[in-house]
Amino acid sequence: MTEPSLLFEKREAVAWLTLNRPRSLNAINMAMRDELWDAALALRDDPDVRVAVFKGAGDRAFSAGADITEFGTAPSYVESRRARHQRDLWGLILSLEVPLIAAIHGYALGAGIELAMCCDLRIASEDTSLGLPEVGLGYIPSAGGTQTLPRHVPPGIAMQMVLTGDPIDAVTALRCGLVQRVVPRDRLYEEAEALARTLMSRPPLALRLAKRAVLDGLEMPLADALALERRLAQRALAGQGGI
Ligand code: COA
């Protein structure tokens, strides 16, 4: 039996999603993409999940990006175009109400770092190397990276990473705000769990509404964003669901 390329485990109210192709440094292939899609739908629809944590299996990587062995092969090119048109995986993950944490170690490249950037909080271990190598391959980041990166870091840093493709280390990522914490490798999941527990100790509706206020507000002129904040604050006060 083939191993699933994504493990989905619910422990109490935390969903742990493990990218599970360690021999390929958790490269994201079509099968993993499909499994990520199903998992994102589960996160959207399961009210018992209060926080989700993404992580990578094995010692070496969160994910080394899109599976380059699928590049340029005719059937998979057609397949991947079809999949992209029908399923906006990254848009779906960005639209999730539940708070998302990325626990990153080793390589976080291309679609790997892009997945992490769809999360709300990023914890990295000291050995993490984060980069967008696509331009060097004659391509551009297309799991949202050209847009999400400059929303996390200053535009000059984003431009440097996109144009050179050179990775940055964990400490640099911390300094420019791409990750919120750097921890020793052997404490990564402990710290991710502690952060998940902190979030779970907050009222779930307030957490989800606050997440929407920040994310949706970023896309709006300030006056509209403040109006959005007022509406969401009223819902939080009224304790209403249905954002
Ligand atoms: N897609 C498919 N397979 C990948 C992969 C990817 N993105 N990244 C790594 N792998 C595979 C390698 O082919 C290798 O498989 P093998 O053991 O069957 O030969 C295995 O993972 C280990 O990688 P390897 O290259 O041997 O490790 P390394 O330590 O020498 O180098 C990297 C690590 C991350 C620098 C290197 O693997 C790399 O550059 N990967 C591609 C990264 C990339 O361009 N990602 C973005 C794609 S848009």
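The values are calculated or read from the model by the stated rules, or taken from the named source; none is laboratory data. No experiment lies behind these values; they were computed from the predicted model shown. Here the Cβ is made from the backbone with ideal geometry for all residues, glycine too, and neighbour counts use every protein chain on show.
Numbers below:
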item	result
Members of the range 51-69 that are surrounded by fewer than 18 Cβ atoms within 10 Å (Cβ to Cβ) and either farther than 22 Å from Leu178 by Cα or modelled with pLDDT under 95 (or both)	Gly58, Ile68, Thr69
Selection within the range 2-11 - in a strand (DSSP E or B) and either closer than 22 Å to Gly65 by Cα or among the aliphatic types (A, V, I, L, M) (or both)	Leu6, Leu7, Phe8
The listed residue being surrounded by fewer than 22 Cβ atoms within 10 Å (Cβ to Cβ), under 18 Å from Phe62 (Cα atoms) and not charged (D, E, K, R), out of Thr146, Thr172	Thr172
Flag if Arg230 is assigned to a helix (DSSP H, G or I), out of contact with any strand residue (DSSP E or B) (no Cβ under 9 Å at 6 or more places or on another chain) and at pLDDT 95 or above	yes
Residue within the range 118-139 that is crowded, with 19+ Cβ neighbours inside 10 Å, over 29 Å from Asp48 (Cα atoms), away from the ligand (no atom under 16 Å from the Cβ) and at pLDDT 95 or above present	no
Leading residue by the ranking (surrounded by the most Cβ atoms within 10 Å (Cβ to Cβ)) among those in the range 12-50 that are part of a loop (DSSP other than H, G, I, E, B) and within 13 Å of the ligand (Cβ to nearest atom)	Asn26
Residue that is farthest from Asp127 (Cα to Cα), among those in the range 184-240 that are of a type in the set (Gly, Ala, Ser) and surrounded by fewer than 11 Cβ atoms within 10 Å (Cβ to Cβ)	Ala238
Among (1) part of a helix (DSSP H, G or I); (2) closer than 30 Å to Arg11 by Cβ, the one test that Met161 misses	(2)
Hey, Glu191 part of a helix (DSSP H, G or I), closer than 26 Å to Val51 by Cβ, touching a strand residue (DSSP E or B) at 6+ places or on another chain (Cβ under 8 Å) and not hydrophobic (A, V, I, L, M, F, W, C) or not	yes
Residue in the range 104-117 that is nearest to the ligand (Cβ to nearest atom), counting only those that are over 16 Å from Val183 (Cα atoms) and not aliphatic (A, V, I, L, M)	Gly110
Failed condition for Gln147, given (1) within 15 Å of the chain's Cα centre (by Cα); (2) touching a residue at least 40 places away in the same chain (Cβ under 8 Å)	(2)
